[in-house]
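One structure is given below, encoded as C-alpha cells.
The values are calculated or read from the model by the stated rules, or taken from the named source; none is laboratory data. Computed from a predicted model, the values in this text were never measured in an experiment. Reconstructed Cβ throughout: ideal geometry from the backbone, glycine too, with neighbour counts over all protein chains shown. Please note that ligands, DNA and RNA were not included when accessible areas were found on the heavy atoms of the full protein model with its side chains. Shrake-Rupley method; radii C 1.70, N 1.55, O 1.52, S 1.80 Å.
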Amino acid sequence: MPTRREFGATALAGLTAKADRKLEGAFVFEAPGQGVEAGHRLRDHARFAAPARRVRIPAVIVGGGVAGLSAAWHFDRRGFRDFVLLELEQQAGGNARSGENAVSAYPWAAHYLPVPDKRQPLVHELCRELGLLHDDGTWDERWLCHSPQERLFIHGRWQEGIEPLVGLTKADAAQYAHFEERIAGFRLSGAFRIPMEAGLAQNTAAHRALDGVTMGEWMRREGLYSPYLKWFIDYSTRDDYGTRAADISAWAGLHYFAARAPEEKGPLTWPEGNGWIVKRLLAKLGRYVRTGAMVHRIQRQRRGWLVFTGDTVYEADFVVYAAPTHFASWLIDPPPPRWPIDSAPWLTANLTLDRWPANHGVEFCWDNVIYNSPSLGYVIATHQNLNTRQDKTVWTYYWALADGRAADQRRILLGGDWNWWKEKILTDLERAHPDIRRCVSRLDIFRIGHAMPRPVPGAIFHPERIARARHQGSLVYANCDLSALSLFEEAQYRGVSAADYVLRNASSTATR
Amino acid sequence: MTVVLFLSVFLIAACGLIYELIAGTLASYLLGDSVLQFSTIIGSYLFAMGIGSWLSRFIDRALVSRFITIELMVGLLGGFSSTILFLAFAYTTGFRVLLYSLVLAIGILVGLEIPLLMRILKERFGFKELVANVLTFDYLGALGASLLFPLLLVPKLGLVRSAILFGLINAGVALWSTFLFRRHLPSPLIQRAACAAVVLVLAGGMAVADHITDTADSALYADEVILAKTTPYQRIVLTKWKQDYRLYLNSHLQFSSRDEYRYHETLVHPGLASVAGARRALVLGGGDGLAVREMLKYPGLESITLVDLDPEMTRQFSTHPLLLELNAAALKNAKVHIVNADAFPWLERDNGVYDFVVVDFPDPNNYSLGKLYTTAFYRLLRHHVAENGAVVVQSTSPMFARKSFWCINETLKQAGFKTFPYHAYVPSFGEWGYVLGTRRDWQPPTALPTGLRFLTAGNVRSLFDFPPDLAPVPAEPNRLNDQTLVRYYDQEWREIVR
C-alpha cells in the first residue's frame, strides 16, 4: 500500500509530467570512432598507430559514398579489378546510407533519383543495369514514385502538390508565370545541365554573372516578390542544396529549376531511398570495399602514393579521392590549398509510427511538406509498399539547418541533446498533425555536420573548384563537392570520370 | 431533520449540473467543436436558471406542492434528456433547436428549485444561516456531480442511463418532500401517486436504455440492422427489409439479396464457362462467397482460392446462418481455401497458376484501392493466368463512371491482356460493368450451367454489346505512379452524387 507521502509524490509527479506515450530513440552513427568524432580526430591531427602491413595495389579509392562506389562500378565494368575502396564508416553509402527496422527500411539522407532525361547516358546505363529501365524504354512502374506524390499543409489544410495554390492572388499567379517563362529560357540555353560540367561551355558572360549574386537578389531584380513564390523557391534550394534562396548563388538556384526536362514522370524512389541503389552496387562491388577503414594520411611518393589506414598502408599508383573534399587538406601530404566551399549541416530523423495520425482532405503522400515550417517536411518510407493497408509506418523527416552561418548552425546541431531535438521535431510536426505524439513510438536522429556543399555566390566559377575538378597527376578528386551541387548524378559523374581518367593513364603506364 | 433538508439541496444541485454536463457532452460528441458546444450550453443553461429564479417571484401560493411538481418535471425532462437528444439526432434534422430548447426548459425549472426551497425553509432558519447553508450544499452538490460525471457515470453507465439515474434522484427528492413537508400538503397521497408514476416511467426507461442507442444506430440505415461489426479494416453492416438483405462495407452497398444473383452470375459465368476444363480458380476480394457459390456450379473445378483482407468478413460468411443461406455455404465447401491477406503482396508471393481469376475489389475510390487496378497489378496477375485461362474484373458502372470503366479496360490492355468488356443491369446498382481479360483470342461460351436465373446461353453474347451512351471513351491507363483511375472515378461520381 502506498504511504501518504508516496501518494502525494505520485500526485505531484502526475501534475508535472505530461501524459504522453513513452518515446524511444537515439542519435545514430555517433558511436566512438565513427562520424563526427572520427572526422574531428583527422582535423585535429591525432596520432595514429603505425601500420603493420604494406600492400602494393594499382589503385585506391578513398570514400565509399555514391562517388566512390561509382568509381568502383566503372573500374569493375571495364574489367579493372586491382583496387580497394576504403570507407571510414561501418556502412558504405555516404549520404545514401539507409536503415531498417521491423516496420520498414528507411533512408538516412538521399531518398530519390529523378528520372534521368536522354542527355544523361551514365545514369541511364546504371538504371538499365539495375532493372529500372526496360529494353523498350519504359521505366519500371514498381519504383516510380506511386500516386499520390506530394502535398503541402497550408492555411490549415492539405493541398495537392507542393507549389502553393491555395490563396493565390492574380498577381501571385502572374509571378509564377513570369518565373516559369524565365526558367524555360534558361533551360533552352543549355547552360544548366546535369552533370553541371556538361553545360559550362554554353555559359555566356550573363550566365556567369548569375554566380555573382544570390538567388534572392536575382528575384528582386526580376520583380518576383510573391510570398508564395518566394517560399517555394526557398523551400527548393533548402531541400536540394541545404541553402536559403537569400544565400545561394543565383546560378545554383536556377540550375535546380532549369537543369531537368519538365515532362519526365518520376522520381524513382524506394523504402530505403538511394540506399536501394547502394545495396545493389555493394552486392556487386562488396569484395573491393573495406568498411571501418579510416584513411588518416595520403602521402606522395616519388612514384605513386602511400595510403595509411588502420594496420595497413597501401602503396598505390593512383588514388581516387572520393571523400569530402574539405578533408583533403588534413589528409594529403603535401596538402592541397584549402577547399573554399563551406558545407551545410543537416538533420534527418526516422520516426516509427505505431498508428497513423488522423488525416483530413488530401491522402497521405510520398512527400509531405508544411508551409512556412523551418523543416522540409517528411517522406513516408512505406509509400512504395503494395499493401492496400499499412498499420504501422516509418517517416523520414528532413531539416536543413540553413539559417545564418554554417558554423553556428553546426554548433546548434551538435549542441542540442536528443530530447531537445525530439521536441523541436514533434512540435514542428504538430502544426499539421496535432495527435503526432500519440502515434510515434521511436525517433532516431542523424546529425550530419557537413552534409553537402553550400553553393553560395562565387562557388560555381571559383578557380579552385575548376582546378580541382580537372584531373591531373596520379591523385584525382571525385567527390560531388567538385560540382558544388549535391546530387546523385553529380556524384556518379565525378566518380566515373575520375575512374575513367585512372584507367586511361594506368593503361598508358602499363604499355610504357 | 436539518441534515436531511440540506441533503435535498445537495442532490438537486448535483442533478442540475449533471443535465448541463450531459447536454454539453452530447453536443460535442454529435456536433464536434467541444469548446463551442460547452460554452454555449453552459451559457444558455445559466441564463435559463436566471429566468427560473426571476419567475419564482410569481409563485405565491402552495409552495411545497409547486416544488414537488417542478422536481417531477425536472426528473422527467432531465432524465430523458439524453434519450431525447440521441433520438432527435438520428431521426430529425432539428437537433440543435431541440438541444437548446431542452437546455432552456431544464435550466428554467432548475432555476426555480432553490428560490422556492429557500422560501419554504425560511420559517425554520434565520436568513443568515439559510443562505449560508443552502449555497454551501448547492456548491457541494455541483462539485460532487462534476467529479462523478467523467470518472464514474460516463465510463460505467453511459449518457442515457446516467441521465435517467439522476431523473430518478429528482423524483426521489420529490417523494421525500411529500413526507418532509406533509403539514403543507392538503392531500399528500395525490402527490405521492404522481411521484410513483414518474419513478415507474424512469425505471422503465432505464430497463430499455440499451435499445435506445441501438435504435439510434439503426436509424442511420433505413432498414433493420441484423449484423454490425467494426473490424480493423472496415465496418460491416448487414440490413434486412422484408426478404431483402443488404451488405454495406464502410456504408457502401455491396449487394442486395434481391438482385445479387444478376451481379454474380454475370461476374462468373461468361468467363468461367468459356474456359474448357478449368480446374484451379482464384478469387481476389469477394469475401462474401457469392462469386464462389456461382463457381461451385462447375463440378470440374478442383480448387478455389479466396483471398480477402478481412478475416471477420470470411468468418461471418462461413458461420452466420443468414449469410450461409445467401452464399449456399460456399465458403465451407472442401474445395475452397480461404486466405486472409492483402491481395497485391500475396500475389507477389504466390506461385500458383489459375485457369480462372475473379477480381472483385471495392470501387477505386482512394489511392490504396487504386493500386489494385494498375498496370503493375494486372501484369503480375497475367503471370498467374494459364495460357487458355481468363480473368474477370469488376469494373464499376460504365453508365455513371464511363471513363473509369474504359480506363480499367485500357489498363488491362496495357498489361498485355486481350480484353472483352461487357455489362449488365443490376437494379440496386444500376448498369454495371466487367472486363474479361485473356491471353489468347476468345469467344463467349455457348453453354452455361443449369439453374441460372439471369444468364442464358442465348443472352450472354448480348452483354458484350455497348449502346452508344456506354460506348468507349478515350482514357489513360492507370499506373502506380499516375493513378488516373482514382481521379476519373472521383470526378465522375462527384457529378452524380449530390
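Annotations
- Boolean, B:VAL154 is within 26 Å of B:TYR29 (Cβ to Cβ) and without any contact (Cβ under 8 Å) to a residue 24 or more places away in the chain: no
- Unique match (being out of contact with any helix residue (DSSP H, G or I) (no Cβ under 7 Å at 6 or more places or on another chain) and touching a residue at least 60 places away in the same chain (Cβ under 8 Å)) among B:MET295, B:MET313: B:MET313
- Residues within region B:57-71 that are outside any helix (DSSP H, G or I) and under 15 Å from B:LEU109 (Cβ atoms), tallied: 1
- Residues being at the interface with chain A (Cβ under 9 Å from one of its Cβ atoms) and of a type outside the set (Ser, Thr, Tyr) - total across region B:348-379: 10
- Of residues in region B:480-495 being surrounded by 13 or more Cβ atoms within 10 Å (Cβ to Cβ) and without any contact (Cβ under 8 Å) to a residue 12 or more places away in the chain, the one farthest from the other protein chains (Cβ to nearest Cβ): B:ARG487
- Looking only at region A:191-219, residues that are assigned to a helix (DSSP H, G or I) and of a type outside the set (D, E, K, R) come to 16 in all.
- When we screen B:TYR45, B:TYR19 for residues that are open to solvent by less than 60 Å² (accessible area, probe 1.4 Å), under 22 Å from B:LEU168 (Cβ atoms) and touching an Asp or Glu at 6+ places or on another chain (Cβ under 7 Å), the only hit is B:TYR45.
- Failed condition for A:ARG142, given (1) within 12 Å of another protein chain (Cβ to nearest Cβ); (2) over 21 Å from A:PRO195 (Cβ atoms); (3) assigned to a loop (DSSP other than H, G, I, E, B): (3)
- In region A:79-99, residue nearest to A:VAL320 (Cα to Cα) [restricted to those that are assigned to a helix (DSSP H, G or I) and open to solvent by 10 Å² or more (accessible area, probe 1.4 Å)]: A:GLY94
- Screening region B:348-359 for residues that are open to solvent by 20 Å² or more (accessible area, probe 1.4 Å) and not in a loop (DSSP other than H, G, I, E, B) and picking the one that is nearest to A:LEU144 (Cα to Cα) gives B:GLU348.
- Condition met for B:LEU168 (open to solvent by 40 Å² or more (accessible area, probe 1.4 Å) and free of Cβ contacts under 8 Å to residues at least 60 places away in the same chain): no
- Taken together, the criteria exclude A:HIS134 from residues that are open to solvent by 10 Å² or more (accessible area, probe 1.4 Å) and under 24 Å from A:VAL369 (Cβ atoms).
- Among residues of region A:440-451, those that are modelled with pLDDT of 95 or more and hydrophobic (A, V, I, L, M, F, W, C), counted: 4
- Candidates B:LEU30, B:LEU5, B:LEU11, B:LEU36 - the one that is closer than 29 Å to B:VAL131 by Cα and open to solvent by 20 Å² or more (accessible area, probe 1.4 Å): B:LEU11
- Candidates A:ASP117, A:ASP76, filtered to the one that is open to solvent by less than 40 Å² (accessible area, probe 1.4 Å), charged (D, E, K, R) and modelled with pLDDT of 95 or more: A:ASP76
- Per-region count, region A:145-184, residues part of a helix (DSSP H, G or I) and either within 14 Å of chain B (Cβ to nearest Cβ) or not aromatic (Phe, Trp, Tyr) (or both): 13
- Residue that is modelled with the lowest pLDDT, among those in region B:286-344 that are farther than 14 Å from B:TYR233 by Cβ, charged (D, E, K, R) and not in a loop (DSSP other than H, G, I, E, B): B:GLU325
- A:ALA17, sole failed condition from (1) at pLDDT 95 or above; (2) open to solvent by 40 Å² or more (accessible area, probe 1.4 Å): (1)
- Filter result for B:PRO477 (more than 14 Å from chain A (Cβ to nearest Cβ) and not in a helix (DSSP H, G or I)): no
- Of A:ARG504, A:ARG470, A:ARG465, all but one fail to be among the basic types (Lys, Arg) and either farther than 26 Å from A:ARG78 by Cβ or touching a residue at least 60 places away in the same chain (Cβ under 8 Å) (or both); the exception is A:ARG465.
- Qualifying residue in region A:363-374 (condition: touching an Asp or Glu at 6+ places or on another chain (Cβ under 8 Å), among the β-branched types (Val, Ile, Thr), under 30 Å from A:GLY167 (Cβ atoms) and away from chain B (no Cβ under 14 Å)): yes
- Positions within region A:432-473 being closer than 15 Å to A:TYR241 by Cβ and part of a loop (DSSP other than H, G, I, E, B), in sequence order: A:ARG454, A:PRO455, A:VAL456, A:PRO457, A:GLY458, A:ALA459, A:ILE460
- Considering residues of region A:256-269 that are assigned to a loop (DSSP other than H, G, I, E, B) and within 13 Å of chain B (Cβ to nearest Cβ) only, the residue nearest to A:ALA67 (Cα to Cα): A:PRO267
- The residues in region B:100-131 that are among the hydrophobic types (A, V, I, L, M, F, W, C), over 36 Å from the mean Cα position of the chain (by Cα) and at pLDDT 90 or above can be counted, and the count is 1.
- Looking across region A:413-423, the residues that are without any contact (Cβ under 8 Å) to a residue 12 or more places away in the chain and open to solvent by 30 Å² or more (accessible area, probe 1.4 Å) come down to A:GLY415, A:ASP417, A:ASN419, A:TRP420, A:GLU423.
- Answer from B:SER428, B:SER404, B:SER397, B:SER462 - the residue that is surrounded by fewer than 24 Cβ atoms within 10 Å (Cβ to Cβ), part of a helix (DSSP H, G or I) and in the same structural domain as B:VAL292 (by TED's automatic domain parsing): B:SER462
- The residue that is nearest to A:GLY137 (Cα to Cα), among those in region A:219-265 that are of a type in the set (Ser, Thr, Tyr) and open to solvent by 10 Å² or more (accessible area, probe 1.4 Å), is A:TYR256.
- Matching residues in region B:367-391 - criterion: being under 21 Å from B:TRP432 (Cα atoms) and either among the small types (Gly, Ala, Ser) or out of contact with any Ser or Thr (no Cβ under 9 Å at 6 or more places or on another chain) (or both): B:GLY370, B:ALA390
- Residue within region B:262-273 that is open to solvent by less than 10 Å² (accessible area, probe 1.4 Å) and part of a strand (DSSP E or B) present: no
- Being more than 21 Å from A:PRO335 (Cα to Cα) and either in contact with a Ser or Thr (Cβ under 9 Å, 6 or more places away or on another chain) or of a type outside the set (S, T, N, Q) (or both) is a description that applies to A:VAL496.
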